[in-house]
Amino acid sequence: MKDIRDAQRVGRTSDGRLVERPLSGHLSVYINFDMVMSVGHRVTGCAMAVGTIVLVWWLVAASMGAGAYDTMSWWLRTWIGYLALFGWTCAMWYHYCVGIRHLVWDTGRMYDLPRVNQSRLWILAGTGLLVILTWLVALV
Amino acid sequence: MSEASDLKIDTRRSFLGRAIGFGSSNTGFSFWWMQRLTSIALLPLTPWLVFNIAALVGQPVTAVHAWVGNPINATLIIATLLCAFHHMHLGIQVVCEDYVHTDISRMILVLFVKAASFLLCIAGIVAVLKMAIGG
């Protein structure tokens, strides 16, 4: 290779071989479900950040007494409150499950495609299960 | 990815030369590590907090006071808040740095996120302490 820009994409593995560094995925070329899941991890993370306002509101309202707490409960029991809480629980448990896979990936395990196919199902199943469990505890 | 035999660098430039100016500012590791540490701490703390709050749904505020009034619960709620907001502001900072390309807007946004996380975290802790100690 002659071009310095190409050379910058070349790295050396720990055993000394030259390899091309992987490029990031180009959405206009192809897109698959794992890419959507990866973006979903970010999106749910940002959504949860907004959700922490509700958590702090809950704590502050409770500390202020029955009046503030009942007002907050009333708001959370409107349809928009239920929608926000449902979205928040989905976002949270999804982020939680994908986060566990990220921690496993950090140890270098489960990187191969068959394992990714497997863990993808665990993540989706785990998210659904935890969301249902949360709402069962909350409403039953 | 190409086979190793296909690759050969002909440009006369050392690895060091190519790395200089693109490299780390030496704060990356602690950023990465704190993100991991807080996430590991949140593995048990998140379900604990969420399921406890879910169990308090529909109960009067006195039930919340009784639950937060337990020093162990108060300690764990504050630990959860500290980890969650630290994890959160690191994560949002990465998102801002990835998508906001104007230096001044990015800086304002990142500082705003840090300030908001910090204030929300303190508000939560003050509320917990008020219930736990103030009664």
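The values are calculated or read from the model by the stated rules, or taken from the named source; none is laboratory data. The model shown is predicted, which means the values in this text are computed figures rather than measured ones. When we count neighbours, we look across all protein chains shown, and the Cβ atoms used for this are built from the backbone with ideal geometry, even at glycine. Remember, those area values only see protein heavy atoms, side chains included, never the ligands or the DNA or RNA. Shrake-Rupley method; radii C 1.70, N 1.55, O 1.52, S 1.80 Å.
Given a cut-off of 32 Å, what percent of all Cα-Cα pairs of the protein assembly as shown lie beyond it? When every Cα pair of the protein assembly as shown is considered, 38 percent fall beyond 32 Å.
Across segment B:85-101, computed HN-Hα scalar couplings (Karplus, 6.51 cos²θ - 1.76 cosθ + 1.60, θ = phi - 60°) run 6, 5, 4, 5, 5, 5, x, 5, 4, 4, 4, 4, 5, 6, 10, 9, 9 Hz from first to last residue, x flagging Gly and Pro. Computed from backbone phi, the HN-Hα couplings of segment A:126-133 come to x, 4, x, 5, 5, 5, 4, 4 Hz, rounded to whole numbers (Karplus: 6.51 cos²θ - 1.76 cosθ + 1.60, θ = phi - 60°; Gly and Pro given as x).
Remark: spin-label model distance A:V140-A:T13 equals 5.0 nm, labels positioned 7 Å along the Cα→Cβ axis. Estimated from helices alone, the mean residue ellipticity of chain A at 222 nm is -25000 deg cm²/dmol (sum of -39500 (n - 2.57) over DSSP H runs with n ≥ 4, per residue). Accessible area per residue (1.4 Å probe, heavy atoms of protein chains only) ranks A:L121, A:L130, B:L56 as A:L121, A:L130, B:L56, with the largest value leading. Taking Cβ atoms as reference points and 13 Å as the exclusive limit, the residues near A:R109 contribute a net charge of 0, counting Lys and Arg as +1 and Asp and Glu as -1. Helical content alone sets the calculated 222 nm signal of chain B at -25000 deg cm²/dmol, taking -39,500 (n - 2.57) per DSSP H segment of four or more residues and averaging over every residue.
Neighbouring Cβ atoms from other chains, within 10 Å of the Cβ of residues in A:118-130, number 0 on average.
Only Lys, Arg, Asp and Glu carry charge here, each on its Cβ (+1 for the first two, -1 for the last two); on that basis chain B has a dipole of about 240 debye about its Cα centre.
Rolling a 1.4 Å probe over the protein heavy atoms leaves A:S14 with an accessible area of roughly 130 Å².
Chains B and A together bury roughly 4000 Å² of accessible surface, counting both sides and using a 1.4 Å probe on protein heavy atoms. Comparing Cα centroids, segment A:81-119 and segment B:33-107 end up 17 angstrom apart.
With a simple spin-label model that places each label point 7 Å from the Cα along the Cα-to-Cβ direction, the separation between A:R109 and B:E97 comes to 2.9 nm. Note on A:D6 and A:L83: their simple-model spin labels are 5.4 nm apart, each label 7 Å out from Cα toward Cβ.
Using a probe of 1.4 Å, the accessible surface attributed to B:R106 totals some 60 Å² when neighbouring protein chains are kept in position.
Backbone phi angles across segment B:118-124, fed through the Karplus curve with coefficients 6.51, -1.76 and 1.60 (θ = phi - 60°), yield HN-Hα couplings of 4, 5, 4, 4, 5, 4, x Hz in residue order; Gly and Pro are listed as x. Taking max minus min of the alpha-carbon positions on each principal axis, segment A:37-140 gives extents of 54, 25, 19 Å, largest first. Here B:E97 sits with roughly 90 square angstrom of accessible surface, probe radius 1.4 Å. Principal semi-axes of the equivalent ellipsoid, √(5λ) from the alpha carbon gyration tensor of segment B:27-134, are 31, 15, 12 Å from largest down. Between 0 and 90 degrees, rounded to the nearest ten: what's the tilt of helix A:66-76 against the longest Cα principal axis of chain A? That helix lies at roughly 50 degrees to the long axis. Treating r as the C-beta distance of B:L111 and B:M34 and R0 as 25 Å, the FRET efficiency rounds to 0.85.
Loop-located trypsin sites (Lys or Arg not before Pro) in segment A:72-140 (DSSP state other than H, G, I, E, B) with a sparse environment of at most 14 neighbouring Cβ atoms within 10 Å: A:R77, A:R109.
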